[in-house]
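Everything below concerns the one structure shown next.
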Amino acid sequence: MEDYYEKLNEYYREKNSTVKCKGCKEKKILKEDNGNLMFSCGGKEKCSRSFKIELSQYINYNDILHEYTNFINKNNVKQKDKDSITKNLEDILKLGKKQLVKTNDIANKKKHINNYNDLKVKTKIEQSKLLNDINDPEYSGNVDKTELVKRYHSLNTILTENYKELYELYENPKILDIMISKGKVF
Ligand SMILES: [Zn+2]
């Protein structure tokens, strides 16, 4: 893939620079069609740089599901056929899903949620212990009650900070594009 990205860069560099090739002074030829990018410097002899890029292709996971539902609804598909179409679609999407999980680092997000939930439970338990002591008229611990109140609030702060981190993780939009064919360079 590295070669692919390098060539992509080269293509757009050529496109956004001079109209004529610096080497042979011929007019560059750039073509874009059907997911292909073609470049030729226009030269024929010594300087005749040219390459073709087949772009990676993507489908959008949600679009596919949406189109599928539309198709089923519009065409009055029989239940039996519906089942087999669904089965096929699921097989295709299964691979896509794997890709999306990887792209969006979903496993890592789940870990963060679990960590946050653990912390929340622990914090709540700790806070209820503190509240008990704070409200107990016969409290006789070594720590001063004002200190207990401070601790109670600082636990809130820690929880809020962690929640913010979790929220930021989710703020980034999910990528739902699945690569169905890898780009190539010729
Ligand atoms: Zn040239």
Between a first residue in region 49-63 that is on the phi > 0 side of the Ramachandran plot and a second residue that is within 16 Å of the ligand (Cβ to nearest atom), which pairs have beta carbons less than 9 Å apart while being 6 or more apart in sequence or on different chains? none
Find all pairs meeting these conditions: Cβ atoms under 6 angstrom apart; at least six residues apart or on different chains; first residue within region 24-35 and within 16 Å of GLU10 (Cα to Cα) and assigned by TED's automatic domain parsing to the domain that holds LEU8; second residue within 13 Å of the ligand (Cβ to nearest atom) and part of a loop (DSSP other than H, G, I, E, B). LYS28/CYS21; LYS28/CYS41; LYS28/GLY42; ILE29/GLY42
Any residue in region 46-65 that is within 16 Å of the ligand (Cβ to nearest atom) and exposed (fewer than 12 other Cβ atoms within 10 Å of the Cβ)? yes
Can you pull out every residue in region 67-83 that is within 32 Å of the chain's Cα centre (by Cα) and acidic (Asp, Glu)? GLU67, ASP83
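Run down TYR163, TYR139 and say which single residue is in a helix (DSSP H, G or I) and not acidic (Asp, Glu).
Values: TYR139 fails: in a helix (DSSP H, G or I).
TYR163 is the lone residue from the list that is in a helix (DSSP H, G or I) and not acidic (Asp, Glu).
With respect to ASP91, is the statement that it is in contact with a Gly (Cβ under 7 Å, 6 or more places away or on another chain) and either without any contact (Cβ under 8 Å) to a residue 60 or more places away in the chain or of a type outside the set (Val, Ile, Thr) (or both) true? Please lay out each step first, then the result.
On the way: in contact with a Gly (Cβ under 7 Å, 6 or more places away or on another chain): no; either without any contact (Cβ under 8 Å) to a residue 60 or more places away in the chain or of a type outside the set (Val, Ile, Thr) (or both): yes.
No, not satisfied.
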Can you tell me which residue among LYS109, LYS145 is surrounded by 11 or more Cβ atoms within 10 Å (Cβ to Cβ), of a type in the set (Lys, Arg) and touching a Leu at 6+ places or on another chain (Cβ under 7 Å)? LYS109
Identify, please: which residue in region 10-43 is over 31 Å from the mean Cα position of the chain (by Cα) and of a type in the set (Ser, Thr, Tyr) and is, among those, nearest to the ligand (Cβ to nearest atom)? SER40
Can you tell me which of LEU169, LEU148 is assigned to a helix (DSSP H, G or I), at pLDDT below 80 and out of contact with any Pro (no Cβ under 8 Å at 6 or more places or on another chain)? LEU169
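The values are calculated or read from the model by the stated rules, or taken from the named source; none is laboratory data. Just so it is clear, the structure is predicted and the values come from calculations on it, not from any experiment. Counting neighbours? That spans all protein chains shown, and the Cβs are built from the backbone with ideal geometry, glycine included.
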